[in-house]
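Peer 1: Can you keep this structure in mind? I'll have questions shortly.
Just so it is clear, none of the values below were taken in a lab; they were calculated from the coordinates. Quantities reported herein were computed from a predicted structural model and do not represent experimental measurements. Glycine also receives a Cβ, built like all others from the backbone with ideal geometry; neighbour counts cover every protein chain displayed.
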Amino acid sequence: MFDTVFILAALAGIGVATASAPLGCFVVWRRMAYFGDATAHTAMLGVAISLIFFVNMFLSILIIALIMAYTVSSLSERGHTTDTLMGVLAHSALAAGVVAISFAQSGDVDLESYLFGDIRAVTAMDVTIIWVGAALVLALVIWRWSALLTATLNPDLAYAGGINPKREQLILTLALAVVVAVAIKVVGALLISSMLIIPAATARAFCKTPESMAFIATLIGVISAIGGLLASIVWSTPTGPTIVCVAALLFIMSNILRMGKIAT
Amino acid sequence: MSIINVENLTVKHGVNTALSNVSMSIDKAEIVTVVGPNGSGKSTLIRALIGAIPTLKGRIVKDPGLSIGYVPQKLHIDPTLPLTVARFMRLPYQDKSAPITETLEMVGLTNIETRQMTSLSGGQFQRVMVARAIMHKPSLLILDEPTQGLDQRGSAAFYQLIEHLRTSLGCAILMVSHELHVVMSASNRVICLNGHVCCNGTPDVVASAPEYRALFGTGTHGALALYRHDHNHTHDHDNCDHNHHDNTQDV
């Protein structure tokens, strides 16, 4: 069971969880869940471009996700982002991506592996790219932590402290695009935003400070990744969705625990 | 000697001119209050001072050593964000040796560091925001409608605290308020704003200025004063009602 495939898959899962959980805290605090969805779903367009023009998939996803995230964030600055517009963008990006993939030359594209991930097919190269991406995201978030937190709390508070909240928003946008690009192999375009949101939402029940929430969210993300991987091997289930199921289970358990704490 | 100088400032909100040709200055250790009806550009002026909105014309000259402590009008903390008082105090500077307990004591709060921000009462929350703003000893403390949501006793106590802070810290204070009668007595200078500076001077001078009376009336009926104001000026006021024939409205 603990062969090379398993070890590579586990490393990939841990890398994605480490990058997505702390970033996911900001997605939750800033109520950007739909924003995350919209960006993640454009990954399918990135896949299509990569298949049609034979360019590197990580790179094409990264660039497309970056364009989408930037567009959405500048739209929201101008007060355009209604829930509806976000929903339109998120799902049209997904649909357009799937349609575009069907134009790709190779007729035997495994659509499912892009939608739900195929963690057990990751190569050593993939793992390297995932870890480089994760390190970049983690470094960005740690470097800008206090500024990001202040800008999240209140943009004017940030300005008064000499921080430009628009710049911080751009940094989050960039980090989000990187996470989308590295996470598609692990959980797929459809489930990327669940790796952002569920660990953070689960951690909320136990935390008193933003830092502890980011840390515990990372732990929960890693536990979900490894737990999901093991469970998918034992029950021969698709790995990406199994990882998300484990995360969801932890979320339910944490909320039951919290309700118990309030009741006593 | 002024620590901040605003010269002919014009600011636009979309197509609307929020401030036109506003000039003002704040001296060291001075309490300046900006009064004006809803939509008069009070908050816009403050946001321009902290650099949150670009200026269209004119300029804001700040003293090189100027440090600003800012207390926003409202601060919504999302329930998903866990934040203790102590952690909030350390935003945005993660200074481990910050005098958190001492500063909280200055605003009359003790044993509150480990409480969640969302569990505080309105008055406590307001004081914590002030404490955060003064922790690094600013030379200018800016407060945007600081007593909104406090009851009368609460806001009276709050203004006492502000005066006390001015004495103990020696910082200048710029306040925006609509509570004219309370605010006036504590201020060195009052600026009456309505898109432009209507009048400006000591509280006595402003209170007797015809421009001020035109804006706020002379009686105590705040609602009526705002209502009258709408007819004297042509700015847009979203929050005023336009029931033109109801002269008996009161608060």
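Peer 1: Which of the residues that make up the stretch B:71-108 are touching a Gly at 6+ places or on another chain (Cβ under 8 Å) and buried (at least 17 other Cβ atoms within 10 Å of the Cβ)? Let's see the steps before the verdict.
Peer 2: If we filter the stretch B:71-108 for residues that are touching a Gly at 6+ places or on another chain (Cβ under 8 Å), which is where we start, we get B:91-93.
Of everything in the stretch B:71-108, those that are touching a Gly at 6+ places or on another chain (Cβ under 8 Å) and buried (at least 17 other Cβ atoms within 10 Å of the Cβ) turn out to be B:Leu91, B:Pro92.
Peer 1: Further question on the same structure: Here are A:Ala95, A:Ala139, A:Ala175: which of them is more than 16 Å from A:Ser50 (Cβ to Cβ), free of Cβ contacts under 8 Å to residues at least 24 places away in the same chain and within 17 Å of the chain's Cα centre (by Cα)? Steps first, answer last, please.
Peer 2: Details: A:Ala95 fails: within 17 Å of the chain's Cα centre (by Cα); A:Ala175 fails: free of Cβ contacts under 8 Å to residues at least 24 places away in the same chain.
Going through A:Ala95, A:Ala139, A:Ala175 in turn, just one is more than 16 Å from A:Ser50 (Cβ to Cβ), free of Cβ contacts under 8 Å to residues at least 24 places away in the same chain and within 17 Å of the chain's Cα centre (by Cα): A:Ala139.
Peer 1: Among the numbered criteria (1) in contact with a Leu (Cβ under 8 Å, 6 or more places away or on another chain); (2) surrounded by 15 or more Cβ atoms within 10 Å (Cβ to Cβ), which single criterion is violated by A:Ala90?
Peer 2: Against the list (1) in contact with a Leu (Cβ under 8 Å, 6 or more places away or on another chain); (2) surrounded by 15 or more Cβ atoms within 10 Å (Cβ to Cβ), A:Ala90 comes up short only on (1).
Peer 1: Could you list, in sequence order, all residues of the stretch A:239-264 that are surrounded by fewer than 17 Cβ atoms within 10 Å (Cβ to Cβ) and not β-branched (Val, Ile, Thr)? Reasoning before the result, please.
Peer 2: Taking the stretch A:239-264 first, the residues surrounded by fewer than 17 Cβ atoms within 10 Å (Cβ to Cβ) are A:248-249, A:252-253, A:255-264.
Result: A:Ala248, A:Leu249, A:Met253, A:Asn255, A:Leu257, A:Arg258, A:Met259, A:Gly260, A:Lys261, A:Ala263.
Peer 1: Here's something else I'd like to know. Closer than 29 Å to A:Arg258 by Cα, crowded, with 18+ Cβ neighbours inside 10 Å and β-branched (Val, Ile, Thr): does that describe A:Thr173?
Peer 2: no
Peer 1: Of the residues B:Gln126, B:Gln116, B:Gln73, which is touching a strand residue (DSSP E or B) at 6+ places or on another chain (Cβ under 9 Å), closer than 30 Å to A:Arg204 by Cβ and away from every other protein chain (no Cβ under 14 Å)? Quick ask: steps written out before the conclusion?
Peer 2: On the way: B:Gln116 fails: away from every other protein chain (no Cβ under 14 Å); B:Gln73 fails: away from every other protein chain (no Cβ under 14 Å).
Exactly one of B:Gln126, B:Gln116, B:Gln73 is touching a strand residue (DSSP E or B) at 6+ places or on another chain (Cβ under 9 Å), closer than 30 Å to A:Arg204 by Cβ and away from every other protein chain (no Cβ under 14 Å), namely B:Gln126.
Peer 1: Identify all residues within the stretch A:178-210 that are within 11 Å of chain B (Cβ to nearest Cβ), touching a residue at least 24 places away in the same chain (Cβ under 8 Å) and either surrounded by fewer than 21 Cβ atoms within 10 Å (Cβ to Cβ) or not basic (Lys, Arg) (or both); write none if there are none.
Peer 2: Filtering the stretch A:178-210 down to residues within 11 Å of chain B (Cβ to nearest Cβ) leaves A:197, A:200-201, A:203-210.
Subsequent filtering for residues that are touching a residue at least 24 places away in the same chain (Cβ under 8 Å) retains A:197, A:200-201, A:203-206, A:210.
Across the stretch A:178-210, the qualifying residues are A:Ile197, A:Ala200, A:Ala201, A:Ala203, A:Ala205, A:Phe206, A:Pro210.
Peer 1: Still on this model: Of everything in the stretch A:154-168, what is farther than 22 Å from B:Lys137 by Cβ and either within 9 Å of another protein chain (Cβ to nearest Cβ) or buried (at least 19 other Cβ atoms within 10 Å of the Cβ) (or both)? Give them in sequence order. Steps first, please.
Peer 2: First, the residues of the stretch A:154-168 that are farther than 22 Å from B:Lys137 by Cβ: A:155, A:164-168.
If the condition is that a residue be farther than 22 Å from B:Lys137 by Cβ and either within 9 Å of another protein chain (Cβ to nearest Cβ) or buried (at least 19 other Cβ atoms within 10 Å of the Cβ) (or both), then A:Pro155, A:Asn164, A:Pro165, A:Glu168 are the ones that fit.
Peer 1: Output the residues belonging to the stretch B:55-70 that are more than 9 Å from every other protein chain (Cβ to nearest Cβ), touching a residue at least 24 places away in the same chain (Cβ under 8 Å) and not β-branched (Val, Ile, Thr).
Peer 2: Those that are more than 9 Å from every other protein chain (Cβ to nearest Cβ), touching a residue at least 24 places away in the same chain (Cβ under 8 Å) and not β-branched (Val, Ile, Thr): B:Leu56, B:Lys57, B:Gly58, B:Arg59, B:Lys62, B:Asp63, B:Gly65, B:Leu66, B:Ser67.
Peer 1: Let me ask you something else. Is there any pair linking a residue in the stretch A:116-136 that is without any contact (Cβ under 8 Å) to a residue 24 or more places away in the chain to one that is outside any helix (DSSP H, G or I) and of a type in the set (Ser, Thr, Tyr), with Cβ under 7 Å and at least six apart or on different chains, and which?
Peer 2: Once the first residue is without any contact (Cβ under 8 Å) to a residue 24 or more places away in the chain and sits in the stretch A:116-136, no partner that is outside any helix (DSSP H, G or I) and of a type in the set (Ser, Thr, Tyr) comes close enough.
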